[in-house]
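Quick notes on the structure that follows.
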Amino acid sequence: MRDVDMWDEGTGDGTAGDRPPIADYDHLPKVLVESRAARMPREQVEALLRYESAHRARTPVIRALRSRLHEIEDGGRRQKAVGGYGPPRLPRQPAQVGTPVRRAG
């Protein structure tokens, strides 16, 4: 069984029809869509994004698919964000020996 079902045999780009490009797509949660999209080439991810935008319109899925397209454009060089909100934390620098410690008071 293939992950991707190319339903438009005329062009092979998935632009026609009301069927999703992945079998049982309408029942898949975001994490499974994202994991399958990670193995797809650009054209298939674009077809998936078009289908999602036209039919389900789940914002988290659309974001994940757009992120995958950006990753493809960057050649996989993009680092994935690691949870949370706000700017990334900088790594803590160890205290240097001999550095005076300031105490409140």
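We did not get these values from a lab; they are worked out from the coordinates using the rules stated. The shown structure was predicted, so the numbers you read here are calculated from the model rather than taken from an experiment. Reconstructed Cβ throughout: ideal geometry from the backbone, glycine too, with neighbour counts over all protein chains shown.
Quick notes on this one:
- Inter-label distance for residue 42 and residue 57, nm, one decimal - labels placed 7 Å from Cα along Cα-to-Cβ: 2.9 nm
- Here's how it looks for residue 22: its modeled amide H is under 5 Å from those of 5, which are all 5 or more places away or on a different chain.
- At full extension, residue 24 and residue 74 could sit 15.0 nm farther apart than now, given 0.36 nm per residue minus the alpha carbon distance.
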